[in-house]
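Here is the structure we will look at, set down as structure tokens.
The values are calculated or read from the model by the stated rules, or taken from the named source; none is laboratory data. Values in this document were obtained by computation on a predicted structure and should not be read as measured data. Positions of Cβ are generated from backbone atoms using ideal geometry, with glycine treated the same way; all protein chains shown enter the neighbour counts. Ligands, DNA and RNA are excluded from the accessible area calculation, which covers all protein heavy atoms including side chains. Shrake-Rupley method; radii C 1.70, N 1.55, O 1.52, S 1.80 Å.
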Amino acid sequence: MNAWLVCAALLLVAGLLPVVWGTARGPLGHRAVAQNCGTSVVCLVLVLLAQGYRRPSYTDLALVLAVLGPVGTLVFARLLNGELGEAPRWARPATALTVAATVPIVIAACVATGPGRAAVKVVLIGVLLAVGNLIASRTLSAAAHRDAAATGHERDGDPYG
């Protein structure tokens, strides 16, 4: 067992326990935000496992997940537009945490892979994760804001709370 696998295991436990809790409980808006964060956690774990096991194919899986994960969240936001309810208070901190976790993992993986196509792929994964997570989070927040304004549940102009 090497340091990459230890980091992957720690991220898997520390990242997926709150995600599973968030998707299993609470209103639909909370579940959608938790699902969005879960996609990022699994993608980062795949990047770490690719380094730990020296399997570049795991990086390909992370790239596919980095593209399809935020798209799936956007589809949820579109289909469940009127049912999302109030956005959770922890939506912004959770998004910031997942984007902040992306940076050191991507930098470490790029240093480990060295210059080449693999490093470009890892950087692309990081950019797609960060941008996709921010766009999906803002879309969920905007949908929750519209729902709250339509139902009159918005408090003091803050959709979070």
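Numbers at a glance
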item: Solvent-accessible area per residue for the range 1-137 (1.4 angstrom probe, square angstrom); result: 54
item: Pairwise centroid distance, computed over Cα atoms, of the range 101-135 with the range 1-68, Å; result: 14
item: Accessible heavy-atom area order of Trp21, Trp4, Trp90, highest first, probe of 1.4 Å; result: Trp21, Trp90, Trp4
item: Simple Cβ-charge dipole of the chain, Lys/Arg +1 and Asp/Glu -1, about Cα centre, in debye nearest 20; result: 420
item: Solvent-accessible surface (1.4 angstrom probe) belonging to Leu63, in square angstrom, nearest 10; result: 40
item: Sulfur and carbon atoms: percent of accessible area, the chain [1.4 Å]; result: 69
item: Quotient of Cα Rg and 2.2 N^0.38 Å for the chain, N being how many residues it contains; result: 1.10
